[in-house]
DNA sequence: CGGACCCTTGATTCAGATCAACGAATGTGG
DNA sequence: CCACATTCGTTGATCTGAATCAAGGGTCCG
């Protein structure tokens, strides 16, 4: 299926938003749409076909698996996010859908050529990659020294921010895109500890759990941040 | 002091290596050399003057400090590495010299303009930033699930790789660029634990400590990796 | 010589992992 | 439609790896 940028929900936020109409059309010609449902894999670590993609809707996780088979979530991808490998010869990490998702997919070489031809696209990606780097370092800082309590609190706020349309203020009521197990894998703690911390926050009156995945931030100030 | 690229030790490895002679000269005109000694700060988080730099010699650490004053090392910078903020309005993290270091420093806007003018420079930075992102995620994976033993072992191998001239094979004998305390801050453990693990590895015959900072990798296969 | 670091080692404590059990929701096949 | 299995989350009891507390030695420097 080829791309239809006209109706794209991230038309003016994604990396390709910096392109002119004609440039975008040209890029669209080498891209394909792809739909994933929960748990489906977009890329696998080690794949020798370089590829990249822009996320149009849904959410993804970028993970690595250590020798003992334990999974670690390295990053989450939200709509308009860019993932993948343009230059390297192989994919570095696994990328899996957290829920139903829709993407534009490109081959690495095709996209690299577009970057060559449209310098503004390269610059947009540079900014975006720097943001990803900062996000990665933020997670590193969060999981480095903080207690389990602080990690879960930090993750809740971070997810509330991501769930909000307005970029600065967090949503007060939202659905977790992650299961308890995934939250645990992201924070480097166990499922049981995540569950206990959520129970504690609810007891303290900081949050309210609604259903399995729903969270209401009743009083974020009560969350114990680092 | 203005730049003298002719004698630059990272002349053909740094980001600016992709530029032609004339382009490089032009960039050199807006850059300054700076020397730091151990502990000196290059950038401070929150500084509103965007700036960036290429490291010519020595080593740097990129750190953040949490509310309780605990420092977390987010990344190490080795010669030819690029650091800083070209676009954003302020510096995101602290950058401090681990030992004597020499750099080329640029103002954010000046460098951003160079990126605008020389698209290859932007592409080189994009690659480099992606590498930094992968390095950050590697550290995230290392500090996420692994035991203290595995973290220290992983850090030793990583530093051995960085100390080697050949990019793939680790050095068998090298000096740690970090104190025990800094190693601990990077790995999210305590000084005492780092010390104990090094003692353990030496007892096991995996390494030999020479002086305070020297490490011989006697039998890396004995190191307990994740 | 005295002070300031930095590293090592030992004793004790504690946060979170592990082990275990259970309930709710969802799916499957008879 | 019901019996059954499976997955996911919660909660409790126990155990352990690493933090914390404490002490001492080595080295550099004024």
Relative contact order [Cα under 8 Å, 6+ residues apart], chain B, whole percent: 18
Rg/Rg_ref, the range A:136-182, where Rg_ref = 2.2 N^0.38 Å and atoms are Cα: 1.18
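For a footprinting-style exposure proxy, rank B:91, B:186 by other Cβ within 10 Å, fewest first.
Numbers: B:91 22, B:186 27.
With the sparsest Cβ surroundings first, the list reads B:91, B:186.
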For B:86-97, mean number of other protein chain Cβ atoms within 10 Å: 2
Length-normalised contact order of the range B:147-222 in % [C-alpha pairs under 8 Å, at least 6 apart]: 28
Computed over the range B:5-141, the ratio Rg/Rh where both radii use C-alpha atoms and Rh is Kirkwood: 0.96
Calculated label separations, residue A:45, copies of the chain, 7 Å along the beta-carbon direction, nm: 2.8
Label distances, nm, residue B:205 versus same residue in remaining copies, Cβ-directed 7 Å point: 6.3
Rounded tilt (10° steps) of B:108-117 against the dominant C-alpha axis of chain B: 70
Chain A: angle of helix A:148-163 to the longest principal axis, Cα-based, in degrees nearest 10: 40
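Taking neighbour Cβ counts within 10 Å as the exposure measure, how do A:85, A:192 sort from fewest upward? Provide the component values of the computation, followed by the final result.
Working: A:85 21, A:192 10.
Lowest count first: A:192, A:85.
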Convex hull (Cα only) mean projected area of the protein assembly as shown, reported in nm² to one decimal: 22.2
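Across peptide A:117-127, what mean number of C-beta atoms from other chains lies inside 10 Å of a residue's C-beta?
Working: counts 1, 1, 8, 3, 1, 8, 10, 1, 5, 12, 5.
Averaged over the peptide's residues, the number is 5.
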Sequence of A:64, A:20 once ranked by neighbouring C-beta atoms within 10 Å, starting from the fewest: A:20, A:64
Peptide B:31-37 - average C-beta neighbours from other chains (10 Å radius): 0
Label 7 Å beyond Cα on the Cβ vector: residue B:190 copy-to-copy distances, nm: 2.2
Three-way shape label, the range B:147-222, alpha-carbon gyration tensor, a/c 1.5: prolate
Mean-position separation - Cα centroids, the range B:1-71 and the range A:182-212, in angstrom: 42
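FYI, it's all coordinate maths here, none of it is from the lab. Everything quoted here is computed from the prediction, not taken from an experiment. Backbone-built Cβ (ideal geometry, glycine too); neighbour counts: all protein chains shown.
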